[in-house]
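The values are calculated or read from the model by the stated rules, or taken from the named source; none is laboratory data. Remember, it's a predicted structure, so these values are computed and weren't measured experimentally. Using ideal geometry, Cβ is built from the backbone for each residue, glycine included, and neighbour counts are taken over all protein chains shown. The accessibility values were calculated without ligands, DNA or RNA, using every heavy atom of the protein model including side chains. Shrake-Rupley method; radii C 1.70, N 1.55, O 1.52, S 1.80 Å.
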Amino acid sequence: MPIERFAIIDSTLREGEQFSNAHFTTAEKVTVAKLLDEFGVEYIELTSPVASPQSFEDCRTIAALPLKAKVLTHVRCHMDDARVAVQTCVDGIDILFGTSSFLREFSHGKSVDEIIADAGEVITFIRDHGKEVRFSSEDSFRSTEGDLLKVYTAVDKMGVNRVGIADTVGIATPRQCYALAVELRHHVSCDIEFHGHNDTGCAIANSHSILEGGATHIDTSVLGIGERNGITPLGGFVARMYADDPAAIRKKYDLPKLRELDELVASLVKIDIPYNEFVTGKYAFHHKAGMHTKAIYLNPNSYEILDPADFGLARTINVAHRLTGKHAINHRAKELGLDFGEDELKLITRKIKTLADAGPLSMDQLDSLLRDWVVA
Ligand code: HCA
Ligand code: CU
């Protein structure tokens with residue numbers, strides 16, 4: 001599958017509910033789901049209907065909304081859960097079973113053959129109800145490759161729409177992700193989903209690498225919220241894909257909605273958008289050093305791979321500081337309707353740098369200095 005044909009499974013309303021500060025009301029979930037749909041994610045994943053009575057109702061409510069995105073819920077690979085999940089009218093059900101030696105020893109205690117047998121019953125049941133089904137192996141990267149491939153091959157034959165690779169503990173590297181997808185492609189014909197935690201900051205790189213290896217679906221959440229420090233952030237992942245092919249991503253997603261999504265979810269979970277958040281962080285499009293700003297004025301592409309305008313945002317060029325340069329100052333002067341010759345500009349720049357050495361200058365101070373220079 002060509003890399004541009006990937007799909008996003010946004011899990012803000014499932015993995016994101018596992019974020020420490022998250023507690024979404026039904027109305028909030030509906031608002032988030034609608035905005036994700038307007039943005040254009042292909043799937044929206046919801047908390048298990050078995051989690052609580054309200055979670056069950058919320059699945060039904062969101063599944064009944066007129067969304068373009070397919071609605072999924074997420075349950076353990078267990079008939080008790082599957083029976084409840086099919087009653088919620090979602091489009092598909094993501095099921096999960098741990099194959100790592102840790103989980104086999106310390107969690108469910110089942111052998112690989114027992115896992116396959118249990119999965120068979122659940123998958124057949126879900127398919128018989130006309131729903132999409134995905135089988136994912138929790139903690140995939142600490143499972144032996146032999147066990148993983150055996151389970152994935154078996155569930156592929158049972159007719160799952162997707163197998164899921166889950167980096168539950170955030171241990172995987174981009175190279176491992178790529179290699180696993182390439183290997184898996186030789187064994188299964190269904191789609192391949194990736195769910196990656198971000199404990200060591202590799203979630204976006206892992207998502208991109210695994211797509212290059214042959215995966216098709218990537219789990220994200222708004223601002224990356226989830227267990228611990230979360231998973232692949234929607235904005236960062238979209239930025240990564242945009243860097244590969246801006247036109248394709250502009251067509252696929254309503255990019256200016258990203259800011260609304262980040263702001264909405266940040267306020268719901270009572271956090272600030274991190275200053276260095278991809279795309280929507282306060283300083284994501286700030287340019288400062290003289291060498292950078294000179295080039296940015298001539299061609300923004302020289303120091304920007306993301307065009308802020310595509311995301312409904314604007315760049316800021318910082319002029320009033322000691323790293324400034326005469327091009328930046330000239331530009332600001334022109335914005336104020338002032339015209340200086342080359343020699344004067346050099347003098348003004350030196351003066352500004354000297355003043356700024358004493359401490360930060362405000363834009364107002366800089367503007368006054370430029371205006372007063374004319375008068376003087
Ligand atoms: C968890 C489960 C999960 C599931 C991922 C998946 C994980 O909360 O521990 O279904 O693919 O990270 O393994 O989120
Ligand atoms: Cu997870």
query: Could you sort Thr61, Thr73 by accessible area so the largest value comes first, with the probe set to 1.4 Å?
result: Thr61, Thr73
About the Cα centre, charge dipole magnitude for region 181-248 (Lys/Arg +1, Asp/Glu -1 at Cβ), debye: 100
query: Mind listing which trypsin sites (Lys or Arg not before Pro) in region 193-282 are in a DSSP loop and have 14 or fewer other Cβ atoms within 10 Å?
result: Arg228, Lys270, Lys282
- prompt: When the accessible area of the chain is computed with all protein chains present and a 1.4 Å probe, what percentage of it is carbon and sulfur?
  reply: 51
statement: Order by accessible surface, 1.4 Å probe, largest leading, for residues Thr232, Thr316 comes to Thr316, Thr232
message: Rolling a 1.4 angstrom probe over the protein chains, ignoring ligands and nucleic acids, what is the accessible area of Ser302 in square angstrom, nearest 10?
response: 60
query: Given the alpha-carbon gyration tensor of the chain, what are the semi-axes of its equivalent ellipsoid in whole angstrom, ordered largest first, with each equal to the square root of 5 times an eigenvalue?
result: 50, 21, 17
field: Crossing angle, helix 145-157 versus the chain [Cα axis fit, 0-90 degrees, rounded to tens]
entry: 70
message: From the helices alone, meaning DSSP H stretches of at least four residues, give me the mean residue ellipticity at 222 nm for the chain, per-run term -39500 (n - 2.57), in deg cm²/dmol to the nearest 500.
response: -13500 deg cm²/dmol
statement: Taking a probe of 1.4 Å and leaving out DNA, RNA and ligands, region 3-268 shows per residue an accessible area in Å² of 38
field: Accessible surface, region 286-375, averaged per residue in Å² (probe 1.4 Å)
entry: 59
- request: Please give the helix 326-335 orientation as an angle from the longest Cα principal axis of the chain, in degrees from 0 to 90, rounded to the nearest 10.
  value: 90
- prompt: Hey, what angle do you get for helix 203-213 against the long axis of the chain, alpha-carbon based, 0 to 90 degrees rounded to 10?
  reply: 60
